[in-house]
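Asker: Take a look at the following structure, please.
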Amino acid sequence: MYTVPDLNEYLSDPIQQTADLLTALHEEAEAVRTESDWKVFRDRWMARKGGILAQVNDLWLRAAPPDRKREAGKRVNDLKARVEKKVEDSLQGLRAGVPAAHAGSERLDITLPGIHRPIGAEHPIIKTMNEIVAVFRNLGYSVQEGPEIETDYYNFESLNFPPNHPARDTQDTLFIANQQTKALREQLLLRTHTSPVQIRTMEKIKPPIRIVIPGKVYRNDPPDASHSPMFHQIEGLAVDTNITFGDLKGTLDHAMKAFFGSSVKTSFRPSFFPFTEPSAELMVSCFVCGGSGRRGSDPCRPCKQTGWIEILGCGMVDPNVFEFVKDNGYDPSKVSGFAFGMGADRIALLKYGVDDLQLFFQNDVRFLRQFA
Ligand code: PHE
């Protein structure tokens with residue numbers, strides 16, 4: 001506990017003695033926790049009789065020799081002002097809930113720069129998906145989602161892949177283990193496409209419908225620069241009376257121009273999917289080389305010099321699919337529709353000129369920061 005040194009000690013080093021006193025003042029102020037602590041603190045320093053200020057006044061000023069009086073007077077006055085301020089500030093700090101150490105002149109400096117907390121950003125694949133979804137939302141489509149662990153029924157059977165049909169082999173399915181005791185249609189797998197959400201939505205919502213379905217899908221593909229066992233699709237489905245292949249073409253041509261830029265051309269080529277008939281692949285003129293197949297004197301790599309890039313699979317909903325949801329208003333003799341599905345990862349690769357798909361999944365912030 002601090003005690004006031006006598007006059008000789010003070011005179012031998014007034015600067016040090018003043019500093020020691022202020023250190024003690026500061027430490028004792030810091031220990032104040034309650035108003036009764038504070039009263040003890042105030043009296044110890046400021047009591048007219050026997051307080052530290054009173055002792056300083058008697059010992060260092062009144063007793064000082066005439067030639068040191070002026071200087072001692074200045075110091076003691078200064079100490080008096082500081083002690084009074086500290087006592088006052090520590091009470092105010094106590095009432096405002098500020099620790100005594102930070103009260104008064106040592107209050108938080110709000111002009112200092114704050115602690116920087118990075119808020120993160122959209123992943124480039126999610127960003128691409130959101131942009132594509134936005135194109136369809138502007139056309140009046142709403143968004144639907146479904147489970148990533150799916151049954152055989154929704155992933156295959158209701159999409160017109162009969163049991164043992166060879167079309168199932170194209171899907172490189174990852175099956176969940178130990179399902180053999182269940183009926184085939186109940187057996188679980190990781191969905192290989194977002195198409196099961198077509199059926200799930202048609203079970204819930206009567207026609208007409210216009211929906212887009214973004215989500216993760218899984219296939220037994222070893223990871224390399226253009227494959228990943230997990231990737232992303234965006235599915236679309238429109239069902240109404242009198243929907244034609246012309247509606248499909250017009251909608252997708254508009255969507256590609258809205259997403260890739262108004263100068264791209266579209267081209268439809270025959271294809272096959274069990275759940276659409278007829279089926280097509282949609283090609284978009286290469287937005288990297290403008291469709292010429294060359295970049296200056298070099299061959300254009302993204303379109304493999306063909307001038308066209310395959311973007312999605314599509315077609316008119318097969319009547320056999322509607323049969324599974326006929327009871328909810330999807331009578332194939334009354335309604336028709338089109339569906340499409342695209343891989344978001346490949347579109348993001350092309351759009352950002354990234355040459356290795358794995359970079360999207362390694363989550364190296366130095367890579368991801370470039371898209372923020
Ligand atoms: N589900 C198909 C696939 O993953 C894509 C597709 C969707 C094709 C909708 C036609 C209609 O390959």
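Asker: Could you please find all residues in the stretch 317-329 being assigned to a loop (DSSP other than H, G, I, E, B) and within 16 Å of the ligand (Cβ to nearest atom)? Break it down into steps so the answer makes sense when it comes.
Answerer: Filtering the stretch 317-329 down to residues assigned to a loop (DSSP other than H, G, I, E, B) leaves 318, 324-325, 329.
Hits for the stretch 317-329 are 318, 324, 325.
Asker: Kindly evaluate residue 346 against the criterion of being at negative phi and within 14 Å of the ligand (Cβ to nearest atom).
Answerer: Working: at negative phi: yes; within 14 Å of the ligand (Cβ to nearest atom): yes.
For residue 346, the condition - at negative phi and within 14 Å of the ligand (Cβ to nearest atom) - is met.
Asker: A follow-up question, please. Suppose we filter the stretch 225-262 for residues that are open to solvent by 50 Å² or more (accessible area, probe 1.4 Å) and touching a helix residue (DSSP H, G or I) at 6+ places or on another chain (Cβ under 6 Å); how many remain?
Answerer: So the answer is 1.
Asker: So, one more: If residue 192 meets every condition in (1) assigned to a helix (DSSP H, G or I); (2) open to solvent by less than 10 Å² (accessible area, probe 1.4 Å) apart from one, which number is that one?
Answerer: (1)
To keep it simple, each residue is scored yes or no on (1) away from the ligand (no atom under 16 Å from the Cβ); (2) of a type in the set (Gly, Ala, Ser); (3) in a loop (DSSP other than H, G, I, E, B).
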residue	(1), (2), (3)
246	yes, yes, no
258	yes, yes, no
277	no, no, no
301	yes, no, yes
305	yes, no, yes
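Asker: Do we have residue 212 as in contact with a strand residue (DSSP E or B) (Cβ under 6 Å, 6 or more places away or on another chain), at pLDDT 95 or above, within 11 Å of the ligand (Cβ to nearest atom) and among the aliphatic types (A, V, I, L, M) here? Please lay out each step first, then the result.
Answerer: Numbers: in contact with a strand residue (DSSP E or B) (Cβ under 6 Å, 6 or more places away or on another chain): yes; at pLDDT 95 or above: yes; within 11 Å of the ligand (Cβ to nearest atom): no; among the aliphatic types (A, V, I, L, M): yes.
The answer is no for residue 212.
Asker: I would also like to ask the following. Would you tally the residues in the stretch 215-235 being touching a Ser or Thr at 6+ places or on another chain (Cβ under 8 Å) and within 12 Å of the ligand (Cβ to nearest atom)?
Answerer: First, pick out the residues of the stretch 215-235 that are touching a Ser or Thr at 6+ places or on another chain (Cβ under 8 Å): 215, 217-221, 233-235.
Of the ones still in play, those that are also within 12 Å of the ligand (Cβ to nearest atom) are 215, 217-219, 233-235.
Of the residues in that region, 7 qualify.
Asker: Residues that are open to solvent by 40 Å² or more (accessible area, probe 1.4 Å): list the helices (runs of 4 or more DSSP H) wholly contained in the stretch 1-86 that include at least 3 such residues. Don't jump to the end; show me each part of the working.
Answerer: Working: elements: 7-12, 14-30, 35-46, 52-56.
Per the criteria, 7-12, 14-30, 35-46.
Asker: Does the stretch 136-167 hold any residues that are in a helix (DSSP H, G or I), open to solvent by 20 Å² or more (accessible area, probe 1.4 Å) and over 21 Å from residue 325 (Cβ atoms), and which are they?
Answerer: Taking the stretch 136-167 as the starting set, the residues that turn out to be in a helix (DSSP H, G or I) are 136-137, 152-155, 157-159, 166-167.
Filter again for open to solvent by 20 Å² or more (accessible area, probe 1.4 Å), leaving 137, 153-154, 157, 166.
137, 166 - these are the residues of the stretch 136-167 that are in a helix (DSSP H, G or I), open to solvent by 20 Å² or more (accessible area, probe 1.4 Å) and over 21 Å from residue 325 (Cβ atoms).
The values are calculated or read from the model by the stated rules, or taken from the named source; none is laboratory data. Note that the structure is a prediction, hence the values are computed from the model and not measured. Note: ideal-geometry Cβ built from the backbone for every residue, glycine included; neighbour counts use all protein chains shown. Accessible surface areas use protein heavy atoms only, side chains included; no ligands, DNA or RNA. Shrake-Rupley method; radii C 1.70, N 1.55, O 1.52, S 1.80 Å.
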